[in-house]
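What follows is a single structure, written as structure tokens, with notes after it.
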Amino acid sequence: MVDDETGNAITVSCTLQLTTGGEMADDRYRRGPQDRRRINVHEDYEVRYWCEKFGCTNAELADAVKQVGVMAADVEKHPKNKKR
């Protein structure tokens, strides 16, 4: 309970909705399309996955993300990330 400037009591409530199943966009256990569209070069497991998928090194992947952004489709089109 909080008193407002008039001296009246005000009740403040907050509802926290919890979800199950890992609703975070970067949840490593969630393998849905939202996670597959973006590359996070700060997560080792993602770097390994994308390097294997694109046939590139960690440095080449990081360079491509820096040049074209985090969207996997754009990185895949990057000339250095064509499968060898």
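No value in this document is a laboratory result; all are computed from the given coordinates. Remember, predicted model here, so these are calculated numbers, not experimental data. Cβ: placed from backbone, ideal geometry, glycine included. Neighbour counts: every protein chain shown.
Numerical summary
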{"read-out": "Pairwise label distance in nanometres, Lys53 with Gln67, each label 7 Å out on the Cα-Cβ vector", "value": "1.9 nm"}
{"read-out": "Sequence of Val75, Val65 once ranked by neighbouring C-beta atoms within 10 Å, starting from the fewest", "value": "Val65, Val75"}
{"read-out": "Estimated vicinal HN-Hα couplings, Hz - segment 45-52 in sequence order (Karplus 6.51, -1.76, 1.60; Gly, Pro = x)", "value": "5, 6, 4, 4, 4, 5, 5, 5"}
